[in-house]
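Okay, so here's the structure we're looking at.
The values are calculated or read from the model by the stated rules, or taken from the named source; none is laboratory data. Because the structure is a prediction, the values reported are computed rather than measured. Heads up, the Cβs are rebuilt from the backbone with ideal geometry, glycines too, and the neighbour counts pull from every protein chain shown. Quick note on the areas: whole protein, heavy atoms, side chains included, nothing else; ligands and nucleic acids left out. Shrake-Rupley method; radii C 1.70, N 1.55, O 1.52, S 1.80 Å.
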Amino acid sequence: EEFKGKKKAPENAVGRAVDAYFKSIGAYMRQINSGGTKRNGTWTTSGQGSGISDRVGILQGGRFVAVELKAPGKKKTVTECQVLFLRNIINRGGVACVADSVDCVKVALSQTKEELLSTLESCVRTKRCSPASDLPEWLR
């Protein structure tokens, strides 16, 4: 099996730091593999849809959280689909952010809905979103 879209080492380091932080505060988190897999010469998508965050989970107390990981200094490479997913989480009462360090997550956990949305909107979306047909219905 071969995996499409392997993460680079700097983003992996951010992911490990974020995972350790969430573990230290008792959050239940899952890593999402949204890439594809090559089996018998054919690429198959993961079925997660475009834009789902790299980490999703639940904080102590039940609040949903989603984190899109980026390598240090690369927060502004977030795609439109990723922003759409994160915005939906925030608008439904969850915490969501683009993080190029564990400090970004710590700040997000203390922000209000308005602050989370403002921080998210400050990220420049450089890549176009996939066609709406590739998005789950609740994200369209």
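Annotations for the structure displayed:
- Any helices (runs of 4 or more DSSP H) falling wholly within region 37-140 and containing at least 3 residues that are within 20 Å of Ile25 (Cα to Cα) and modelled with pLDDT of 95 or more: 102-109
- Scanning region 54-77 for residues that are farther than 16 Å from Gln111 by Cα, among the hydrophobic types (A, V, I, L, M, F, W, C) and surrounded by 22 or more Cβ atoms within 10 Å (Cβ to Cβ) gives a single hit, Leu69.
- Residue check, Glu114 in contact (Cβ under 8 Å) with a residue 24 or more places away in the chain and either over 20 Å from Ser50 (Cα atoms) or open to solvent by 40 Å² or more (accessible area, probe 1.4 Å) (or both): no
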